[in-house]
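Worksheet: the structure to be examined is printed underneath.
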Amino acid sequence: MKTSEFKAILDEMDLAAYETKEGFRVIDSNYTFATVNNRREHVMKIYMDAHAILGREAVAELFELLTAYASTPLSEREEPKLYYLRDPVITTGYNYLAIHNEMQHRQYTDLPDSLLGDFYQFTDLDDSDMGYWQYGFTRAEIDAFEFEHAHLIEKEVENDGR
């Protein structure tokens, strides 16, 4: 389970995760109900008062969530790093790779066979809020590209899990 998923489920439960050096404290506005370690697997604790404050069903749900998160290997908890890919040859701006994966672009038959079905362009990052274009790529996605990309310069960006 990713940390972002863990926090989102806590939010749905009207709880939050406050990070400390030992791990996450599961809290509401007034009380700490549980902890889960962020440096070791299989380490968690639910405080006894949680039963009285949250109720049995909520504590059971919290237990299942904490167990799932605590059982997740540390290396799998965080989102993979994302990279923007900039073409250093293009000097007029609009030099970041964007790929559009919508089916409607399958008519672009002049693309190489390796890109058939994917429409790509180089653009400015100001347009990166357009949801149907992918600007950030994981290492696995970059390694799977079937087109020449060795000259592109990687810029690491924060992965918010979306």
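The values are calculated or read from the model by the stated rules, or taken from the named source; none is laboratory data. Quantities reported herein were computed from a predicted structural model and do not represent experimental measurements. Quick reminder, even Gly has a Cβ in these numbers, built from the backbone with ideal geometry, and neighbours come from all protein chains shown.
Tell me which helices (runs of 4 or more DSSP H) are completely within segment 1-73 and hold 2 or more residues being touching a residue at least 40 places away in the same chain (Cβ under 8 Å) and out of contact with any Ser or Thr (no Cβ under 9 Å at 6 or more places or on another chain), or say none if there are none.
3-12, 56-71
Where the second residue is surrounded by 11 or more Cβ atoms within 10 Å (Cβ to Cβ) and not in a strand (DSSP E or B) and the first is of a type in the set (S, T, N, Q) and lies in segment 139-161, which pairs have Cβ atoms under 6 Å and are six or more apart or on separate chains?
So the pair list comes out as ASN159/GLU79.
Touching a helix residue (DSSP H, G or I) at 6+ places or on another chain (Cβ under 9 Å), farther than 28 Å from LYS2 by Cβ and either modelled with pLDDT of 65 or more or exposed (fewer than 15 other Cβ atoms within 10 Å of the Cβ) (or both) - does that describe any residue in segment 128-139?
For segment 128-139, residues touching a helix residue (DSSP H, G or I) at 6+ places or on another chain (Cβ under 9 Å), farther than 28 Å from LYS2 by Cβ and either modelled with pLDDT of 65 or more or exposed (fewer than 15 other Cβ atoms within 10 Å of the Cβ) (or both): absent.
Looking only at residues in segment 1-24 that are polar (S, T, N, Q) and surrounded by fewer than 17 Cβ atoms within 10 Å (Cβ to Cβ), which one is nearest to LYS81 (Cα to Cα)?
For segment 1-24, the residue satisfying everything is SER4.
Looking for something aliphatic (A, V, I, L, M) and touching a Leu at 6+ places or on another chain (Cβ under 6 Å) - is there at least one such residue anywhere in segment 46-66?
No, there is no match, as no residue in segment 46-66 is aliphatic (A, V, I, L, M) and touching a Leu at 6+ places or on another chain (Cβ under 6 Å).
Name the residue, out of THR20, THR32, that is among the polar types (S, T, N, Q) and under 19 Å from GLU78 (Cβ atoms).
Checking each option against the conditions leaves just THR20.
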